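J.: I'd like to ask you about the structure that follows.
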There are 2 protein chains.
Amino acid sequence: MSSQSSSEKPAIKAPRLERGRARVAALMAAGAGIFAEKGYDAATMTEVAARAGASIGSLYQFFPTKPLLAQALHEEMLEKMASVLETVLAEGRGKPAAAAVQGLFDRFGEFLEAHPAFATLAERRDIDKEKKKQTRARLRGLIAGLLTSAEPPLPAARAEAAAVIVLHLIRASVMLKESDEGPVREAALAEMRRMLAAYFA
Amino acid sequence: MSSQSSSEKPAIKAPRLERGRARVAALMAAGAGIFAEKGYDAATMTEVAARAGASIGSLYQFFPTKPLLAQALHEEMLEKMASVLETVLAEGRGKPAAAAVQGLFDRFGEFLEAHPAFATLAERRDIDKEKKKQTRARLRGLIAGLLTSAEPPLPAARAEAAAVIVLHLIRASVMLKESDEGPVREAALAEMRRMLAAYFA
DNA sequence: GAACTTTGTGAGGACATCCTCATATTCTCG
DNA sequence: CGAGAATATGAGGATGTCCTCACAAAGTTC
């Protein structure tokens, strides 16, 4: 009843040998680097393979398609992000809201610095729109949870909305760091803390 | 003394006849639409020409290059943005800070809704980095001016930093509107107003 | 060590897009 | 009107990128 006559959908293939795992790791690292530097479209599979010290055929052995490479990287980063969030949530429970949110900013900032391709990969236009919405919603929910379990707790009705804003502010703070205008950056980050303090009081 | 022997840099050519002006207008409208819908890379010159009801050769007659088409659109939008800003600054002088900023949000929001390609064109990776920084700096300066001339005036030292944040919040509010998650959107916008009110008090 | 599986290689096919160019049409102006 | 300028056209050249494929090498298992 299910023998798709000829058109198997291409999917990434997990390596089975040690050598293969090393290759895949190198390929993903190279991909992350090049996507971050040039953006999705300008990145070429040839360059990814070259940076990984592999041949183009070897790259396609494990990632049969450019979108699939991007997807694999994106999913890997989403997992790491989830684990970062778990940590923050655990740390923040019961602390004052401003401190909890500051923790969010710090950890999230570290994460995005360690994964400079994340923004590029998350904004790709060919991602399933529904999945994107779900991811955003889950993130929102987790942060809302942090805000309602802080001290003093935010009313549940406002928590989700506040979470949305916190997320955007995190994004803003990362963009600030990337825009390397030193003096402005520091002042703006300080002002942002001031704003959050005023808001949570 | 200045007869660059053969390599004239390609530049956009202004139309001289009425027919030409109409063409250019149609081409730019089509370009803006397609860039907005598909992003810079996925947009094709052929499709732009088709949507404008022109031949591909006609498009290249006025815009000898894809980057030049994007640049022309970007500059046109920057000018409109500048004029919008002038209006807001004039209106806001002397008003309470929160109201002035709300005006900024509204007008800017309208502008970005009317020019959905703006974000795409402004984020292009091949834009002169220095020019980008200058544009941002001028924008910051203008908004800082609005904040220091409001009532009560923000101290000049904080105004620039606050302007940076206001800009990011505007960006956030536009992204919210685009993400069409109705209920969340309204709540988040309300929460954002609350945050601004707290901040400016 | 023989059969089999996994991994490696790089030339080149298929295709899409940017842009050119020779030529035709429309418009301006004396 | 007639000469010259401005605009219009679309086939196709040049280029670059994704991906395939036939075959070779390394590793595993019995």
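The values are calculated or read from the model by the stated rules, or taken from the named source; none is laboratory data. Predicted model only: the values in this text are computed from it and were never measured. Here the Cβ positions follow ideal geometry from the backbone for every residue, glycine too, while neighbour counts run over all protein chains shown. For accessibility, only protein heavy atoms count, side chains too; no ligands or nucleic acids. Shrake-Rupley method; radii C 1.70, N 1.55, O 1.52, S 1.80 Å.
J.: Check whether at least one residue in the range A:54-70 is touching an Asp or Glu at 6+ places or on another chain (Cβ under 8 Å), within 14 Å of chain B (Cβ to nearest Cβ) and within 16 Å of DNA strand D (Cβ to nearest atom), and report yes or no.
T.: Looking through the range A:54-70, at least one residue is touching an Asp or Glu at 6+ places or on another chain (Cβ under 8 Å), within 14 Å of chain B (Cβ to nearest Cβ) and within 16 Å of DNA strand D (Cβ to nearest atom).
J.: I need every pair where a residue in the range A:39-60 that is more than 17 Å from A:P116 (Cα to Cα) and in contact (Cβ under 8 Å) with a residue 12 or more places away in the chain has its Cβ under 9 Å from the Cβ of a residue that is within 9 Å of DNA strand D (Cβ to nearest atom) and among the aromatic types (F, W, Y), sequence separation at least 6 or different chains.
T.: A:M45/A:Y60; A:M45/A:F63; A:A49/A:Y60
The rows are residues; the columns are (1) more than 11 Å from DNA strand D (Cβ to nearest atom); (2) surrounded by fewer than 15 Cβ atoms within 10 Å (Cβ to Cβ); (3) outside the structural domain of A:R124 (by TED's automatic domain parsing).
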site: A:V24; (1), (2), (3): yes, no, yes
site: A:M28; (1), (2), (3): yes, no, yes
site: A:A42; (1), (2), (3): no, yes, yes
site: A:A52; (1), (2), (3): yes, no, yes
site: A:E79; (1), (2), (3): yes, yes, no
site: A:A82; (1), (2), (3): yes, yes, no
site: A:E86; (1), (2), (3): yes, yes, no
site: A:A90; (1), (2), (3): yes, yes, no
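J.: Can you tell me which residue among B:F105, B:F63 is buried (at least 16 other Cβ atoms within 10 Å of the Cβ) and within 16 Å of DNA strand C (Cβ to nearest atom)?
T.: Selected residue: B:F63, the only one of B:F105, B:F63 that is buried (at least 16 other Cβ atoms within 10 Å of the Cβ) and within 16 Å of DNA strand C (Cβ to nearest atom).
J.: Still on this structure, please answer the following. Restricting to the range A:146-163, and then to whatever is in contact (Cβ under 8 Å) with a residue 12 or more places away in the chain and open to solvent by less than 30 Å² (accessible area, probe 1.4 Å), can you tell me which residue is farthest from the chain's Cα centre (by Cα)?
T.: Among residues in the range A:146-163 that are in contact (Cβ under 8 Å) with a residue 12 or more places away in the chain and open to solvent by less than 30 Å² (accessible area, probe 1.4 Å), the one farthest from the chain's Cα centre (by Cα) is A:L154.
J.: Which of the following residues is in contact with a helix residue (DSSP H, G or I) (Cβ under 8 Å, 6 or more places away or on another chain) and away from DNA strand D (no atom under 16 Å from the Cβ): A:A119, A:A114?
T.: Sole residue among the options that is in contact with a helix residue (DSSP H, G or I) (Cβ under 8 Å, 6 or more places away or on another chain) and away from DNA strand D (no atom under 16 Å from the Cβ): A:A119.
J.: Find the residue count for the range A:148-186, including only residues that are touching a Gly at 6+ places or on another chain (Cβ under 9 Å) and either part of a helix (DSSP H, G or I) or within 9 Å of another protein chain (Cβ to nearest Cβ) (or both).
T.: Number of matching residues: 7.
J.: For B:G94, only one of the following conditions fails: (1) open to solvent by 40 Å² or more (accessible area, probe 1.4 Å); (2) out of contact with any strand residue (DSSP E or B) (no Cβ under 9 Å at 6 or more places or on another chain); (3) of a type outside the set (K, R). What is its number?
T.: Against the list (1) open to solvent by 40 Å² or more (accessible area, probe 1.4 Å); (2) out of contact with any strand residue (DSSP E or B) (no Cβ under 9 Å at 6 or more places or on another chain); (3) of a type outside the set (K, R), B:G94 comes up short only on (2).
J.: Right, here's the next one. Pick from the range B:120-132 the residues that are buried (at least 16 other Cβ atoms within 10 Å of the Cβ) and within 11 Å of chain A (Cβ to nearest Cβ): which of them is nearest to B:G31 (Cα to Cα)?
T.: B:T120
J.: Same structure, new question: Which members of the range B:187-196 meet the condition of being surrounded by fewer than 16 Cβ atoms within 10 Å (Cβ to Cβ) and either more than 9 Å from every other protein chain (Cβ to nearest Cβ) or among the charged types (D, E, K, R) (or both)?
T.: B:R193, B:R194, listed by residue number.
J.: What residue, among those in the range B:69-100 that are hydrophobic (A, V, I, L, M, F, W, C) and more than 18 Å from the chain's Cα centre (by Cα), is nearest to DNA strand C (Cβ to nearest atom)?
T.: The residue in question is B:A90.
J.: Could you list, in sequence order, all residues of the range A:30-40 that are away from DNA strand C (no atom under 13 Å from the Cβ) and open to solvent by less than 60 Å² (accessible area, probe 1.4 Å)?
T.: The answer is A:G31, A:A32, A:G33, A:I34, A:F35, A:A36, A:G39, A:Y40.
J.: What is the one condition in (1) crowded, with 19+ Cβ neighbours inside 10 Å; (2) under 25 Å from A:E181 (Cα atoms) that B:T135 does not satisfy?
T.: (1)
J.: When you check B:V166 against the structure, is it of a type in the set (V, I, T) and out of contact with any Leu (no Cβ under 9 Å at 6 or more places or on another chain), yes or no?
T.: No: the conditions fail for B:V166.
J.: Among the residues of the range A:88-135, what is the count of those that are among the polar types (S, T, N, Q) and either farther than 29 Å from A:I34 by Cβ or part of a loop (DSSP other than H, G, I, E, B) (or both)?
T.: 1
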